[in-house]
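Okay, so here's the structure we're looking at.
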Amino acid sequence: MKKHIYIFSPSSAVRDKSVIRRGVARLQALGHEVELDEAALATHMRFAGDDETRLAAIHRAAASGADVALITRGGYGLTRLLPGIRYKAVAKAIDKGMRFVGLSDFTAFQNAVLAETGSVTWSGPALGEDFGVEGEPDDIMQACFEDLVNGQGEGTGWQLPKSESQATPIELKGQLWGGNLAIMSALAGTPWMPKVKGGILFLEDVHEHPYRVERMLTQLLYTGVLARQKAVLLGHFTNYKPVPHDKGYRLQTVVDWLRTKIKAPVFTNLPFGHVPTKVALPVGAKVHLAVEGRDAFVLWGHRH
């Protein structure tokens, strides 16, 4: 089904225009109408234009009437914009059916929108890193995006490590929220950190050594965020290098430590993060988490 997809750049500058050309061509090949924001390729230092330029791009996206507003890339810059976003205009666009989609730095926008309005946005692909790749885009990512675009997605499932297999089935209901861990820890204590109680929090990150991951989790622990959740879902934490100083300290060490600090179950392997295979997750939606054996499901369709 043909949909209108609006592409905009609210964070870091796009340095390789060919990536955007490939991404746009792929979405068009899927049958969609693609509109590129006038400042999508703007640059100002490391940003996709100065703060006012990027704020205007967000508001143009909200006013575009598109079915989907998709970011070109993440990086850095959205936390600078949070006080200036017209949240009512964003919420109005969402009420009319627009789906804001992105990840990484976009976590700041998504959680601020949730905190300010309660509206649902989508953690999912970015145009550049997912549709603009030189090879073929990941099949699962593309299928999940198409389900999102067409309003057909009802949930996602994945397999847990053997060590997390549940002999007794677990079923929980709560509000799904989260995103990039670095951004979530930066939002802690600000007006744009949603006050979610009994939620299902998902987290991922890239280029962060396990000790930095632990330090950011500690921030969420000490601000009380983790204690209020029913479950924590960990996606992929990628592109870091162990060092000799670690002496056996690794990401699993962090996961084990986290499990000693909170009562809520912690599940890993969620197919989301800075990886090719990523699902689409509704930030702010009420979901049903079901775990049996090594099979885990997050459902938000009519079945729960």
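The values are calculated or read from the model by the stated rules, or taken from the named source; none is laboratory data. The shown structure was predicted, so the numbers you read here are calculated from the model rather than taken from an experiment. For neighbour counting, all protein chains shown are included, and Cβ atoms are generated from backbone atoms with ideal geometry for every residue, glycine included. Note: accessible area is taken over every heavy atom of the protein model, side chains too, but ligands, DNA and RNA are not part of it. Shrake-Rupley method; radii C 1.70, N 1.55, O 1.52, S 1.80 Å.
Couple of notes before you dig in:
Residue by residue, here is whether (1) modelled with pLDDT of 95 or more; (2) buried (at least 16 other Cβ atoms within 10 Å of the Cβ); (3) under 20 Å from Asn239 (Cβ atoms) holds:
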| residue | (1), (2), (3) |
| --- | --- |
| Met141 | yes, yes, yes |
| Gly153 | no, yes, no |
| Gln159 | yes, no, no |
| Glu171 | yes, no, no |
| Val196 | yes, yes, no |
| Val206 | yes, yes, yes |
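- Residue ID - farthest from Leu251 (Cα to Cα), chosen from residues in the stretch 191-206 that are under 16 Å from the mean Cα position of the chain (by Cα) and part of a loop (DSSP other than H, G, I, E, B): Trp192
- Test: Gly151 is over 16 Å from the mean Cα position of the chain (by Cα), of a type in the set (Gly, Ala, Ser) and over 17 Å from Pro271 (Cα atoms): yes
- Exclusive hit being closer than 18 Å to Ser64 by Cβ and not basic (Lys, Arg), set Val113, Val133, Val120: Val113
- So Ser104, is it surrounded by 22 or more Cβ atoms within 10 Å (Cβ to Cβ) and either modelled with pLDDT under 95 or under 17 Å from Gly284 (Cα atoms) (or both): yes
- Hey, Val90 open to solvent by less than 30 Å² (accessible area, probe 1.4 Å), part of a helix (DSSP H, G or I) and farther than 23 Å from Val133 by Cβ or not: yes
- The stretch 159-176, subset of a type outside the set (Gly, Ala, Ser) and part of a loop (DSSP other than H, G, I, E, B), residue farthest from Leu281 (Cα to Cα): Pro161
- Breaking point among (1) outside any strand (DSSP E or B); (2) touching a residue at least 40 places away in the same chain (Cβ under 8 Å), for Ser185: (2)
- Close pairs from the stretch 53-67: first closer than 15 Å to Lys3 by Cα, partner open to solvent by less than 40 Å² (accessible area, probe 1.4 Å) and hydroxyl-bearing (Ser, Thr, Tyr), Cβ under 9 Å, at least 6 apart: Ala61/Tyr6; Ser64/Tyr6; Gly65/Tyr6; Ala66/Tyr6; Asp67/Tyr6
- The residues in the stretch 16-37 that are surrounded by fewer than 13 Cβ atoms within 10 Å (Cβ to Cβ) and closer than 21 Å to Ala56 by Cβ can be counted, and the count is 1.
Yes or no, residue by residue, for (1) of a type in the set (A, V, I, L, M, F, W, C); (2) surrounded by fewer than 17 Cβ atoms within 10 Å (Cβ to Cβ); (3) under 24 Å from Asp16 (Cβ atoms):
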{"residue": "Ala108", "(1), (2), (3)": "yes, no, yes"}
{"residue": "Gly132", "(1), (2), (3)": "no, no, yes"}
{"residue": "Gly135", "(1), (2), (3)": "no, yes, yes"}
{"residue": "Thr156", "(1), (2), (3)": "no, no, no"}
{"residue": "Ala167", "(1), (2), (3)": "yes, yes, no"}
{"residue": "Gly174", "(1), (2), (3)": "no, no, no"}
{"residue": "Gly178", "(1), (2), (3)": "no, no, no"}
{"residue": "Ala182", "(1), (2), (3)": "yes, no, yes"}
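- So Ala126, is it more than 30 Å from Gly224 (Cβ to Cβ), aliphatic (A, V, I, L, M) and at pLDDT 95 or above: yes
- The set of residues in the stretch 279-299 being in contact with a Pro (Cβ under 6 Å, 6 or more places away or on another chain) and open to solvent by less than 10 Å² (accessible area, probe 1.4 Å) consists of Val279 alone.
- Odd one out for Gly118, checked against (1) of a type in the set (Gly, Ala, Ser); (2) at pLDDT 95 or above; (3) over 23 Å from Gln175 (Cβ atoms); (4) open to solvent by 30 Å² or more (accessible area, probe 1.4 Å): (3)
- Filtered residues of the stretch 116-152 (kept if in a helix (DSSP H, G or I) and under 23 Å from Gly301 (Cα atoms)): Thr117, Asp139, Ile140, Met141, Gln142, Ala143, Cys144, Phe145, Glu146, Asp147, Leu148, Val149
- Matching option when the condition is touching a strand residue (DSSP E or B) at 6+ places or on another chain (Cβ under 6 Å) and open to solvent by 10 Å² or more (accessible area, probe 1.4 Å), among Asp67, Asp95: Asp67
- Ser123 being open to solvent by 30 Å² or more (accessible area, probe 1.4 Å), closer than 18 Å to His236 by Cα and among the small types (Gly, Ala, Ser): no
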